[in-house]
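The values are calculated or read from the model by the stated rules, or taken from the named source; none is laboratory data. Predicted model, so just to flag it, every value in this text is computed and none were measured. When we count neighbours, we look across all protein chains shown, and the Cβ atoms used for this are built from the backbone with ideal geometry, even at glycine. Just the protein is used for accessible areas: all its heavy atoms, side chains included, with ligands, DNA and RNA removed. Shrake-Rupley method; radii C 1.70, N 1.55, O 1.52, S 1.80 Å.
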Amino acid sequence: MTRLGKIALAAVLLLLPSKFARAQSPDQASAKKKTIADLKEIAYAGNVAAQVQLGVIYLTGDGVAKDDAEAVKWLRKAADQDNALGERYLAEMYFKGRGVPADVSEAAKWLRLAAEQGDAESEHNLAVLYTQGEGVPRNAKEAAIWMRKSAEQNFPAGQQGMGVLLENGDGVRADQAEAAMWYQKAVDQKYVPAMNNLALLMATSRDSSIRNPQAAISLATKAVAAGSNPDYLDTLAAAYFADGQNDKAVETEQKALARDPENDSYKKAMQKYLAATHGTRKVALVT
């Protein structure tokens, strides 16, 4: 079974590329300074888009000295005007403890405000908080409600999360076929975690309409190529095993263990694959 992992905020702010730190010519720096001055003028006048943009500028140091507290000031101004993006970004600052003391409950409050305005990323992140009981009481049904809202807006992380809830029967009736459908929607957007989850479902499901070890191998191979998570190797090993390729299952699980040697789940899987491999070889000797 797949499991919903720790919250992974779709963080535009904190994951911005480092291009903002590149050197600028004197003319570029002068133009940037003028742009920021103009931006401040309209931000002080109450323009929410300018307030959010200034928050990002101070967070990244794009033309100004990095200043998390100043970033929070501007993001809060936008959030206080019910701007969903400002609310989501402010929630992120509380999650990370940047410019404010870390406070998951306060983050959840701002996330909910953004989610109630239909912000798909906030809907997803709020759902994850409900699954984990972080900042809000754990409530699987509430999590499923918000996750479905996010998924129905075609947000890939929401589609992935909805698949997980359906596969595990967490807050909703378990339904592998619907889980596979949501995973596929995220896969169609090249969302790598969904590739992994769909591959594992196709490798392990007892439902003949879902089980497809060869398709699982193909999909898991793509996930391994696209990401460094050792779980993807573990899934590929399970797909090989489901297809009867025990030697490849062992070889692939060894790679997963090399990245995470203390993972008990990987160790247990390796024991199963080794036992099957040895059994196959004994049968071959007898025949």
Checklist entry - Ranked by accessible surface with a 1.4 Å probe, highest first, in what order do Phe241, Phe155 come? => result Phe241, Phe155
Checklist entry - Hey, with R₀ at 30 Å, roughly what FRET efficiency would Lys40 and Arg98 work out to, going by the Cβ-Cβ distance, to 0.05? => result 0.90
Item to check | Value of [θ]222 nm, deg cm²/dmol, for the chain, DSSP H segments ≥ 4, -39500 (n - 2.57) each, nearest 500 | outcome: -22000 deg cm²/dmol
Item to check | Value of Rg/Rh across the chain [Cα atoms, Kirkwood radius] | outcome: 1.10
Checklist outcome for this item: Using a 1.4 Å probe on heavy atoms of the protein chains only, the accessible area for Thr252 in Å², nearest 10, reads 10 Å²
Next on the checklist: Can you classify the range 93-137 as rounded, prolate or oblate using the Cα gyration tensor, where a ≥ b ≥ c are the square roots of its eigenvalues, rounded means a/c under 1.5, and otherwise it's prolate if a/b beats b/c and oblate if not?
Outcome noted: oblate
Next on the checklist: Need one word for the range 196-287: rounded, prolate or oblate. Basis is the Cα gyration tensor (sqrt eigenvalues a ≥ b ≥ c); a/c below 1.5 gives rounded, then a/b vs b/c decides.
Outcome noted: oblate
Next on the checklist: How far apart, in nanometres, would the label points at Glu152 and Lys73 be if each is projected 7 angstrom from Cα along the Cα-to-Cβ direction?
Outcome noted: 4.2 nm
Checklist entry - Within the range 136-287, what is the number of lysine pairs with alpha carbons under 19 Å apart, leaving out pairs fewer than eight places apart on the same chain? => result 14
Checklist entry - Once you put a point 7 Å from the Cα of Asn139 and another 7 Å from the Cα of Ala275, both along the Cβ direction, what distance in nm separates them? => result 4.4 nm
Checklist entry - Label points 7 Å out from Cα along the Cβ direction at Asn263 and Ser25: separation in nm? => result 4.9 nm
Next on the checklist: On the Cα set of the range 99-232, report Rg and Dmax in Å, please.
Outcome noted: 15.6, 52
Checklist entry - For the range 100-238, what is the accessible area per residue in Å², given a 1.4 Å probe and the full set of protein chains? => result 42 Å²
Checklist entry - With axes computed from alpha carbons, what is the tilt in degrees of helix 120-132 against the longest principal axis of the chain, rounded to the nearest 10 within 0 to 90? => result 60 degrees
